[in-house]
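Reviewing the structure listed below.
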Amino acid sequence: MNRSVLITGGAGFIGSHVVRHFVKKYPSYLVVNADKLTYAGNLQNLIDIEKSDNYRFERTDIVDETAVDELFEKYKFDGVIHLAAESHVDRSISAPREFVYTNIIGTVNLLNASRRIWTDTAGKVFYHISTDEVYGSLGPEGYFTENTPYDPRSPYSASKASSDHFVRAYFNTYHLPAVISNCSNNYGPNQFPEKLIPLAINNIKTGKKIPVYGKGHNIRDWLYVEDHARAIDIIFHRGVHGETYNIGGNNEWRNIDLINLLCELMDKKLGRKEGESAKLITYVKDRAGHDLRYSIDSTKINKELGWSPAHNFREGLSKTIDWYLNNEKWLLNVLSGDYEKYYEEQYLRR
Ligand code: NAD
Ligand code: TYD
């Protein structure tokens, strides 16, 4: 192995796609997935690659400074791709403290550990994965660029903004080789069914109401998760240290329109009468401080690094629905907490 790469949060939604991408594409890298395995982390997401020679899993809480330091001592990482986070806005509204611990303190622990072992910074990089939500909320016009001032408005985005600032501060103050990307909403397999798309798919499938916050007029830009993983690969290898790259799908949808499309696609797949699933749509109380619109200008990553999204939305959505329909056991396991048993059986008793 010629390079040792830490991927934090690799058992989660985006992380699992990034781990798979790196393990398969770079057999000469040792890919270490460090994850606490919260409700959102599930090793079943990585079943197909878990026996690969160049893959290791470490159950690590990044808030635990000693554990992080020991991990870095053990593997002497050359690169860090940091995805571990508390990631759900609604949870951040009801219980913000965990977001401060994991997203801010966890990030600082990783920055400190990197700084300590990287006495020579040649060939090293700390890559921090962030969100477009740090830029705040847009009106009907305009896009977020890399120069848009930060204006986080939820406890989740406030914690991510803070961690972004720490990464930039370590680049400026200690010359830690660091790069950041801010991405729009991801969708695809392995996403915990509390976020809009998997929640709606699961509810349509099981005939439960689909909760639409407010009027359903809020707008998000959606990107297929594998397109994000490919962007992460490119930025990890070719991103300029000290820089930020915005990543977006160029694919804006009002929530209600997106849910109607899901209903239409699922009526067909489930052999239901047209309009049947849409009857489940239920307008509920709006999210507190609900950001109206996110939209990304990805010109920089497109022009400088040659990345653009490859997946068409209808096809990506159709693939995603199929994955959830074909992985009922996964859904039951994550919703019941039974995925923990998999960790115990597969890892602890080995
Ligand atoms: P996720 O919630 O699906 O997964 C997060 C992972 O981090 C889980 O595996 C969890 O077990 C792990 N984790 C949580 N706390 C931890 C801790 N203290 N120590 C170690 N591991 C811990 O999240 P996701 O949607 O895959 O997001 C991954 C990253 O990408 C996050 O940093 C998020 O802010 C960012 N992001 C997400 C989106 C999106 O649409 N999902 C968009 C842009 C950026
Ligand atoms: P979500 O998937 O939680 O992502 P984020 O808030 O980080 O963008 O929500 C996407 C959009 O869908 C957001 O405008 C809130 C809305 N939403 C609903 O209308 N109903 C739901 O049940 C959920 C989870 C979200």
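Overview of values
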item: Restricting segment 250-290 to GluC sites (Glu not before Pro) in coil, as DSSP defines it, with at most 11 other Cβ within 10 Å; result: Glu274
item: Protein accessible area in segment 211-350, 1.4 Å probe - carbon and sulfur %; result: 48
item: Reachable lysines, given that their alpha-carbon falls under 16 Å from the alpha-carbon of Lys319 and they are not under 8 places away in the same chain; result: Lys205, Lys268, Lys269
item: Accessible-area value, Lys36, 1.4 Å probe, nucleic acids and ligands omitted, Å²; result: 80
item: Between segment 1-68 and segment 92-111, the Cα center-to-center distance that results, in Å; result: 20
item: Cα gyration tensor shape of segment 250-350, rounded if a/c is under 1.5, else prolate or oblate by comparing a/b with b/c; result: oblate
item: Sites Ala278 and Glu194, calculated FRET efficiency, Cβ-Cβ separation with R0 22 Å, nearest 0.05; result: 0.55
item: Restricting segment 60-150 to trypsin sites (Lys or Arg not before Pro) in coil, as DSSP defines it, with at most 10 other Cβ within 10 Å; result: Lys76
item: Neighbour net charge for Glu243 - beta-carbon separation under 12 angstrom, K R +1, D E -1; result: +1
item: Cα gyration tensor, segment 61-168 - rounded (a/c under 1.5), prolate or oblate; result: oblate
item: Accessible area expressed per residue, the chain, with surrounding protein chains retained (probe 1.4 Å, Å²); result: 43
item: For the chain, the Rg and Dmax computed from alpha carbons only, in angstrom; result: 19.7, 64
item: Debye, to nearest 20: dipole size of the chain, +1 on Lys, Arg Cβ, -1 on Asp, Glu Cβ; result: 540
item: Solvent-accessible area of Ser336 with every protein chain in place, 1.4 Å probe, in Å² to the nearest 10; result: 70
item: Compactness of segment 113-246 as Cα Rg over 2.2 N^0.38 Å, two decimals; result: 1.24
item: Shape call, segment 192-235: gyration tensor on alpha carbons, a/c limit 1.5; result: oblate
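The values are calculated or read from the model by the stated rules, or taken from the named source; none is laboratory data. Please read all numbers here as calculations on a predicted model, not as lab measurements. Counting neighbours? That spans all protein chains shown, and the Cβs are built from the backbone with ideal geometry, glycine included. Only protein heavy atoms, including side chains, enter the accessible area calculation; ligands, DNA and RNA are left aside. Shrake-Rupley method; radii C 1.70, N 1.55, O 1.52, S 1.80 Å.
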